[in-house]
Amino acid sequence: MFLPGFDDNRHTVRTRSGEVSYVEIGTGPAALFVHGVATNAYLWHNLIPLLADTRRCIAIDLPLHGQSPAAPEHQLTVGAFADTLADVCARLRLDQVDLVAQDTGGAIAQVLAARHPELIRTLTLTNCETHDNIPPAGLAATVEAARAGQLAAAAPGILSDPAAARAIFASGYQDQQFLSAELVDAFLEPVMGTPATAARFQELIARLGPDDLLAAEPALRALRAPTLIVWATDDEFFDMKWAHWLHDTIPGARDLVEIAGGKLFFPHERAAELAPHIRRHWDTTDQS
(Lines give C-alpha, C1' and ligand atoms only; values in the text may rest on other atoms or scores of the structure.)
Protein backbone atom coordinates (compact mmCIF):
# COMPACT_ATOMS: atom_id res chain seq x y z
CA MET A 1 0.00 0.00 0.00
CA PHE A 2 1.27 3.46 -0.88
CA LEU A 3 -0.66 6.63 -0.10
CA PRO A 4 0.53 9.62 -2.16
CA GLY A 5 0.78 12.71 -0.01
CA PHE A 6 1.25 10.53 3.06
CA ASP A 7 4.02 8.09 2.22
CA ASP A 8 5.74 10.80 0.19
CA ASN A 9 6.58 12.30 3.58
CA ARG A 10 8.03 9.15 5.13
CA HIS A 11 11.38 9.16 6.92
CA THR A 12 13.38 6.98 9.29
CA VAL A 13 15.21 7.70 12.52
CA ARG A 14 17.75 5.45 14.19
CA THR A 15 16.98 4.69 17.82
CA ARG A 16 18.27 2.24 20.39
CA SER A 17 15.37 0.03 19.29
CA GLY A 18 16.55 0.14 15.67
CA GLU A 19 15.25 2.04 12.67
CA VAL A 20 11.84 3.63 13.26
CA SER A 21 9.78 4.71 10.26
CA TYR A 22 7.59 7.78 10.55
CA VAL A 23 5.52 10.13 8.43
CA GLU A 24 5.94 13.86 9.01
CA ILE A 25 3.51 16.41 7.58
CA GLY A 26 2.96 20.05 8.52
CA THR A 27 4.74 22.80 10.41
CA GLY A 28 4.59 24.21 13.89
CA PRO A 29 4.91 22.60 17.32
CA ALA A 30 5.39 18.84 17.13
CA ALA A 31 2.47 16.44 17.54
CA LEU A 32 3.24 12.74 17.91
CA PHE A 33 0.61 10.17 16.86
CA VAL A 34 0.80 6.64 18.29
CA HIS A 35 -1.17 3.68 16.90
CA GLY A 36 -2.04 0.40 18.59
CA VAL A 37 -1.21 -3.28 18.16
CA ALA A 38 -1.50 -4.68 14.60
CA THR A 39 -2.06 -1.33 12.90
CA ASN A 40 0.49 1.37 11.99
CA ALA A 41 0.83 5.01 10.95
CA TYR A 42 -1.76 4.52 8.20
CA LEU A 43 -4.39 4.67 10.95
CA TRP A 44 -3.87 8.44 11.03
CA HIS A 45 -3.82 9.17 7.30
CA ASN A 46 -7.28 10.79 7.28
CA LEU A 47 -6.71 12.82 10.45
CA ILE A 48 -3.26 14.30 9.98
CA PRO A 49 -4.05 16.37 6.84
CA LEU A 50 -6.82 18.06 8.86
CA LEU A 51 -4.32 19.21 11.51
CA ALA A 52 -1.10 19.77 9.56
CA ASP A 53 -1.73 23.49 9.11
CA THR A 54 -1.22 24.00 12.83
CA ARG A 55 1.22 21.26 13.86
CA ARG A 56 4.26 19.32 12.70
CA CYS A 57 2.43 16.00 12.71
CA ILE A 58 4.62 12.92 13.21
CA ALA A 59 3.01 9.48 12.95
CA ILE A 60 5.35 6.62 13.78
CA ASP A 61 5.30 2.93 13.02
CA LEU A 62 6.03 1.17 16.30
CA PRO A 63 8.73 -1.53 16.12
CA LEU A 64 7.42 -4.64 14.29
CA HIS A 65 4.63 -2.59 12.73
CA GLY A 66 4.42 -0.88 9.36
CA GLN A 67 7.90 -0.17 8.06
CA SER A 68 9.68 -0.35 11.45
CA PRO A 69 11.45 -3.68 12.00
CA ALA A 70 11.85 -5.10 15.49
CA ALA A 71 15.40 -5.96 16.48
CA PRO A 72 15.71 -9.43 18.03
CA GLU A 73 16.81 -7.95 21.34
CA HIS A 74 13.99 -5.38 21.47
CA GLN A 75 11.36 -6.18 24.08
CA LEU A 76 7.80 -5.98 22.79
CA THR A 77 6.09 -4.55 25.85
CA VAL A 78 4.14 -1.39 26.58
CA GLY A 79 7.05 -0.08 28.64
CA ALA A 80 9.63 -0.83 25.95
CA PHE A 81 7.50 0.89 23.31
CA ALA A 82 7.24 3.93 25.60
CA ASP A 83 11.03 3.99 25.79
CA THR A 84 11.17 3.89 21.99
CA LEU A 85 8.88 6.94 21.82
CA ALA A 86 11.12 8.80 24.25
CA ASP A 87 14.11 7.88 22.11
CA VAL A 88 12.37 9.07 18.94
CA CYS A 89 11.68 12.41 20.64
CA ALA A 90 15.33 12.69 21.68
CA ARG A 91 16.68 11.79 18.25
CA LEU A 92 14.32 14.24 16.52
CA ARG A 93 15.15 16.88 19.14
CA LEU A 94 11.54 17.27 20.23
CA ASP A 95 11.55 19.03 23.60
CA GLN A 96 7.77 18.76 23.91
CA VAL A 97 5.00 17.08 21.93
CA ASP A 98 1.26 17.07 21.65
CA LEU A 99 0.75 13.35 22.15
CA VAL A 100 -2.22 11.71 20.41
CA ALA A 101 -2.82 8.00 20.90
CA GLN A 102 -5.28 5.17 20.26
CA ASP A 103 -5.77 1.53 21.33
CA THR A 104 -2.57 0.04 22.83
CA GLY A 105 -0.87 3.23 21.69
CA GLY A 106 -2.91 4.93 24.40
CA ALA A 107 -1.41 2.65 27.04
CA ILE A 108 2.05 3.38 25.66
CA ALA A 109 1.29 7.11 25.74
CA GLN A 110 0.20 6.93 29.38
CA VAL A 111 3.45 5.21 30.34
CA LEU A 112 5.49 7.75 28.36
CA ALA A 113 3.64 10.63 30.03
CA ALA A 114 4.21 9.10 33.45
CA ARG A 115 7.92 8.53 32.86
CA HIS A 116 8.60 11.79 31.00
CA PRO A 117 5.97 14.38 31.95
CA GLU A 118 8.29 17.15 30.79
CA LEU A 119 7.84 15.90 27.21
CA ILE A 120 4.08 16.27 27.17
CA ARG A 121 2.71 19.64 26.04
CA THR A 122 -0.76 18.14 25.71
CA LEU A 123 -2.20 14.63 25.74
CA THR A 124 -5.12 13.31 23.70
CA LEU A 125 -6.35 9.79 24.44
CA THR A 126 -8.94 7.91 22.44
CA ASN A 127 -10.26 4.40 23.18
CA CYS A 128 -7.36 2.53 24.74
CA GLU A 129 -6.13 0.16 27.43
CA THR A 130 -6.46 1.75 30.84
CA HIS A 131 -5.55 0.77 34.42
CA ASP A 132 -5.76 -3.05 34.50
CA ASN A 133 -7.89 -3.44 31.35
CA ILE A 134 -5.00 -4.88 29.35
CA PRO A 135 -5.53 -7.10 27.53
CA PRO A 136 -9.24 -6.25 27.23
CA ALA A 137 -11.75 -9.07 27.44
CA GLY A 138 -12.55 -8.75 23.74
CA LEU A 139 -8.99 -9.82 22.94
CA ALA A 140 -8.97 -12.78 25.32
CA ALA A 141 -9.21 -15.52 22.68
CA THR A 142 -6.32 -14.05 20.70
CA VAL A 143 -4.18 -13.69 23.80
CA GLU A 144 -4.97 -17.26 24.83
CA ALA A 145 -3.94 -18.51 21.38
CA ALA A 146 -0.70 -16.53 21.57
CA ARG A 147 0.15 -17.85 25.02
CA ALA A 148 -0.53 -21.39 23.79
CA GLY A 149 1.86 -20.84 20.86
CA GLN A 150 -0.93 -21.11 18.29
CA LEU A 151 -1.11 -17.58 16.87
CA ALA A 152 2.06 -17.70 14.77
CA ALA A 153 1.03 -21.03 13.27
CA ALA A 154 -2.32 -19.53 12.26
CA ALA A 155 -0.74 -16.51 10.53
CA PRO A 156 -0.33 -18.02 7.01
CA GLY A 157 -3.95 -19.14 6.99
CA ILE A 158 -5.16 -15.72 8.09
CA LEU A 159 -3.13 -13.91 5.45
CA SER A 160 -4.34 -16.24 2.70
CA ASP A 161 -8.00 -15.80 3.66
CA PRO A 162 -9.19 -12.22 2.97
CA ALA A 163 -12.35 -12.74 5.03
CA ALA A 164 -10.39 -13.98 8.06
CA ALA A 165 -7.89 -11.13 7.76
CA ARG A 166 -10.65 -8.56 7.46
CA ALA A 167 -12.48 -9.98 10.47
CA ILE A 168 -9.58 -8.99 12.72
CA PHE A 169 -10.43 -5.31 12.23
CA ALA A 170 -14.08 -5.33 11.11
CA SER A 171 -15.63 -4.96 14.57
CA GLY A 172 -13.71 -1.70 14.98
CA TYR A 173 -15.51 0.02 12.10
CA GLN A 174 -19.05 1.27 11.69
CA ASP A 175 -18.74 1.60 7.92
CA GLN A 176 -16.80 -1.17 6.22
CA GLN A 177 -15.92 1.00 3.22
CA PHE A 178 -13.10 2.44 5.31
CA LEU A 179 -11.56 -1.01 5.72
CA SER A 180 -10.13 -1.74 2.29
CA ALA A 181 -8.34 -4.97 1.43
CA GLU A 182 -5.20 -2.91 0.85
CA LEU A 183 -5.39 -1.42 4.34
CA VAL A 184 -5.91 -4.83 5.94
CA ASP A 185 -2.82 -6.12 4.12
CA ALA A 186 -0.83 -3.04 5.14
CA PHE A 187 -1.73 -3.66 8.77
CA LEU A 188 -1.18 -7.42 8.86
CA GLU A 189 1.70 -8.12 6.48
CA PRO A 190 4.37 -6.50 8.72
CA VAL A 191 3.30 -8.46 11.81
CA MET A 192 2.38 -11.79 10.19
CA GLY A 193 4.08 -11.87 6.81
CA THR A 194 7.00 -14.14 7.71
CA PRO A 195 7.48 -16.89 10.31
CA ALA A 196 9.91 -14.62 12.15
CA THR A 197 7.59 -11.63 12.37
CA ALA A 198 4.63 -13.84 13.23
CA ALA A 199 6.63 -15.31 16.11
CA ARG A 200 7.50 -11.83 17.39
CA PHE A 201 3.86 -10.75 17.07
CA GLN A 202 2.81 -13.82 19.02
CA GLU A 203 5.33 -12.81 21.69
CA LEU A 204 3.91 -9.28 21.82
CA ILE A 205 0.31 -10.47 22.23
CA ALA A 206 1.26 -13.13 24.78
CA ARG A 207 3.05 -10.56 26.94
CA LEU A 208 0.20 -8.03 27.06
CA GLY A 209 -0.51 -7.29 30.69
CA PRO A 210 -1.14 -4.46 33.16
CA ASP A 211 2.25 -4.25 34.89
CA ASP A 212 3.62 -1.22 33.04
CA LEU A 213 0.34 0.70 33.27
CA LEU A 214 -0.10 -0.01 36.96
CA ALA A 215 3.48 1.02 37.66
CA ALA A 216 2.84 4.31 35.83
CA GLU A 217 -0.37 5.07 37.69
CA PRO A 218 1.06 7.11 40.61
CA ALA A 219 2.80 9.47 38.16
CA LEU A 220 -0.31 9.56 35.96
CA ARG A 221 -2.28 10.77 39.00
CA ALA A 222 0.12 13.73 39.17
CA LEU A 223 0.11 14.56 35.45
CA ARG A 224 -0.78 18.22 34.90
CA ALA A 225 -0.45 18.24 31.12
CA PRO A 226 -3.72 19.41 29.53
CA THR A 227 -5.50 16.20 28.57
CA LEU A 228 -8.39 15.59 26.17
CA ILE A 229 -10.28 12.29 26.21
CA VAL A 230 -12.31 11.42 23.12
CA TRP A 231 -14.13 8.09 23.37
CA ALA A 232 -16.26 6.06 20.97
CA THR A 233 -19.38 4.89 22.77
CA ASP A 234 -19.91 1.57 20.93
CA ASP A 235 -16.43 0.08 21.18
CA GLU A 236 -16.58 -3.56 22.25
CA PHE A 237 -13.05 -3.46 23.68
CA PHE A 238 -12.98 -0.29 25.76
CA ASP A 239 -16.14 0.66 27.64
CA MET A 240 -17.02 4.28 28.41
CA LYS A 241 -16.21 3.64 32.07
CA TRP A 242 -12.52 3.75 31.16
CA ALA A 243 -12.90 7.22 29.67
CA HIS A 244 -14.39 8.38 32.96
CA TRP A 245 -11.60 6.62 34.87
CA LEU A 246 -8.99 8.55 32.90
CA HIS A 247 -10.87 11.81 33.34
CA ASP A 248 -11.06 11.27 37.10
CA THR A 249 -7.44 10.09 37.40
CA ILE A 250 -5.42 12.62 35.39
CA PRO A 251 -5.37 16.06 37.10
CA GLY A 252 -4.82 17.80 33.77
CA ALA A 253 -7.91 16.25 32.18
CA ARG A 254 -10.23 18.79 30.62
CA ASP A 255 -12.98 17.68 28.27
CA LEU A 256 -14.39 14.20 27.85
CA VAL A 257 -15.96 13.96 24.39
CA GLU A 258 -18.23 11.08 23.39
CA ILE A 259 -18.31 9.92 19.76
CA ALA A 260 -21.83 8.55 19.59
CA GLY A 261 -22.00 5.15 17.89
CA GLY A 262 -18.28 5.19 17.24
CA LYS A 263 -16.07 2.11 17.17
CA LEU A 264 -12.43 1.48 18.04
CA PHE A 265 -10.97 2.82 14.80
CA PHE A 266 -12.97 6.03 14.72
CA PRO A 267 -9.78 8.16 14.48
CA HIS A 268 -9.50 6.75 10.96
CA GLU A 269 -13.17 6.43 10.11
CA ARG A 270 -14.47 9.64 11.69
CA ALA A 271 -11.37 11.80 11.44
CA ALA A 272 -13.34 14.84 10.32
CA GLU A 273 -15.31 14.68 13.57
CA LEU A 274 -12.26 14.13 15.76
CA ALA A 275 -10.06 16.86 14.26
CA PRO A 276 -12.01 19.90 15.57
CA HIS A 277 -11.87 18.58 19.13
CA ILE A 278 -8.10 18.12 18.95
CA ARG A 279 -7.63 21.50 17.29
CA ARG A 280 -9.69 23.20 20.01
CA HIS A 281 -7.67 21.39 22.68
CA TRP A 282 -4.41 22.57 21.16
CA ASP A 283 -5.65 26.12 20.59
CA THR A 284 -6.79 26.42 24.21
CA THR A 285 -3.37 25.32 25.40
CA ASP A 286 -1.55 27.63 22.98
CA GLN A 287 -3.55 30.60 24.28
CA SER A 288 -3.11 29.84 27.96
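Summing Lys and Arg as +1 and Asp and Glu as -1 over all other residues whose Cβ lies under 14 Å from the Cβ of Gln96 gives a net charge of +1. Under a Gaussian network description of the chain, with springs only between Cα atoms under 10 Å, the residue in Glu269, Glu129, Glu258 that fluctuates furthest is Glu258. Calculated FRET efficiency, Arg14 to Asp185, Cβ-Cβ distance, R0 = 30 Å: about 0.65 to the nearest 0.05.
Under the combined filter of DSSP loop state and at most 14 neighbouring Cβ atoms within 10 Å, the stretch 217-279 retains these trypsin sites (Lys or Arg not before Pro): Arg221, Arg224.
Spatial offset of the stretch 38-101 relative to the stretch 118-193 amounts to 17 Å, using the alpha carbon center of each. Residues whose amide H lies under 5 Å from that of Ala232, counting only those 5 or more places away or on a different chain, are Asn127, Ile259; hydrogens are built 1.01 Å from N in the peptide plane. If R0 is 35 Å, the Cβ-Cβ spacing of Leu214 and Phe2 corresponds to a FRET efficiency of close to 0.30. Between His277 and Trp245, residue separation times 0.36 nm minus the direct Cα-Cα distance comes to 9.5 nm. Estimated from the Cβ-Cβ distance and a Förster radius of 22 angstrom, the FRET efficiency linking Ala199 and Gln177 is about 0.05.
Extension gain for the segment Asp132 to Asp53, taken as residue separation times 0.36 nm less the Cα-Cα distance, is 24.7 nm to one decimal. Computed extension length for Arg91-Ala260: 57.0 nm, one decimal, from 0.36 nm per residue of separation with the Cα-Cα distance subtracted. Accessible surface calculations at 1.4 Å, restricted to protein heavy atoms, place the stretch 172-239 at 43 Å² per residue. From largest to smallest, the equivalent ellipsoid semi-axes obtained for the chain from the alpha-carbon gyration tensor read 26, 20, 20 Å. What the stretch 1-142 shows is 32 Å² of accessible area per residue, with the surface traced by a 1.4 Å probe over protein heavy atoms.
The values are calculated or read from the model by the stated rules, or taken from the named source; none is laboratory data. Being a predicted model, the structure only gives us computed values, none of them experimental. Cβ atoms come from the backbone with ideal geometry, glycine included; neighbour counts cover every protein chain shown. The area values use the complete protein model at the heavy-atom level, side chains included, leaving out ligands, DNA and RNA. Shrake-Rupley method; radii C 1.70, N 1.55, O 1.52, S 1.80 Å.
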